[in-house]
1. Looking at this structure, is Ile100 in contact with a Lys or Arg (Cβ under 8 Å, 6 or more places away or on another chain), aliphatic (A, V, I, L, M) and not in a loop (DSSP other than H, G, I, E, B)?
2. Taking Ala150, is it over 15 Å from Ser35 (Cβ atoms) and either open to solvent by less than 10 Å² (accessible area, probe 1.4 Å) or in contact with a Gly (Cβ under 6 Å, 6 or more places away or on another chain) (or both)?
3. Take Val114 and tell me if it is within 26 Å of Pro162 (Cα to Cα), open to solvent by 50 Å² or more (accessible area, probe 1.4 Å) and either in contact (Cβ under 8 Å) with a residue 40 or more places away in the chain or in a strand (DSSP E or B) (or both).
4. When segment 83-101 is examined, which residues are found to be touching a Leu at 6+ places or on another chain (Cβ under 8 Å) and within 12 Å of Glu135 (Cα to Cα)?
5. Which pairs have Cβ atoms under 6 Å, sit 6 or more apart or on different chains, and link a residue in segment 39-57 that is over 23 Å from Ile143 (Cα atoms) and among the basic types (Lys, Arg) to one that is open to solvent by 80 Å² or more (accessible area, probe 1.4 Å) and part of a strand (DSSP E or B)?
6. Could you name every one of the strands (runs of 3 or more DSSP E) located completely within segment 42-92 that has at least 2 residues being closer than 30 Å to Phe167 by Cβ and open to solvent by less than 60 Å² (accessible area, probe 1.4 Å)?
7. Conditions: (1) modelled with pLDDT of 95 or more; (2) open to solvent by 30 Å² or more (accessible area, probe 1.4 Å); (3) touching an Asp or Glu at 6+ places or on another chain (Cβ under 8 Å). Glu107 meets all but one. Number of the miss?
8. For segment 120-137, which residues satisfy the criterion of being assigned to a loop (DSSP other than H, G, I, E, B), exposed (fewer than 14 other Cβ atoms within 10 Å of the Cβ) and in contact with a strand residue (DSSP E or B) (Cβ under 9 Å, 6 or more places away or on another chain)?
Amino acid sequence: MNTKKKLLGALVLTPLVTISLTVTALATPSSGLASTTLSLGHFSAFHLKANAEPGHQIDLKTKGDSDVYVVSNTFTANGGSSGWHTHPGPSLITVKSGTITAYEGDEPACTPHVYPAGASFIDPGDGHAHLLRNEGTVDAVTIAVQFLPAGAPRRIDVVPAPVDCPF
């Protein structure tokens, strides 16, 4: 191959490699996060209703098969982060220890929502971008129960990250 062809090839490939690396860099992977699946159950479609106690009612209905995960997440102190992501279904999250700060991708002011040990919150999933961080000085642990379509990935990275939050 002559020198002109090599140079032309390099000129064509260099922008492509740069674009590929740039797209990869836009993802916000987790950092200082260890996840352990405690349980995974497979369920056919169901409709569960319960209202045995006055003032308390549950109505949970699925369409199609579901995977139900119970996951323990440990975030290291001083910045352990989930990175920006979503899930294909909802998660019920309880903070077991430490404190977790949640940021929502659709909030223009990047408002922190702080959850201490014992607090619970819901991530609706379904494309809802969010990031969880440990901004405290001790490790934080959450337990999440996730209802996902059977065979779907548990986590989907958000690319690009929301522009209103600096992390």
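The values are calculated or read from the model by the stated rules, or taken from the named source; none is laboratory data. Keep in mind the model is a prediction, meaning the values are calculated, not measured. Because the Cβ atoms are built from the backbone with ideal geometry, glycine has one as well, and the counts that use them run over all protein chains shown. SASA here: full protein model, heavy atoms, side chains in, ligands and nucleic acids out. Shrake-Rupley method; radii C 1.70, N 1.55, O 1.52, S 1.80 Å.
1. The answer is yes for Ile100.
2. Taking the combined requirement at face value, the residue does not satisfy it.
3. The answer is yes for Val114.
4. Ile100, Thr101, listed by residue number.
5. Taking only residues 6 or more apart or on different chains, the pairs are Lys49/Asp59.
6. 66-75
7. (1)
8. Pro124, Asp126, Gly127
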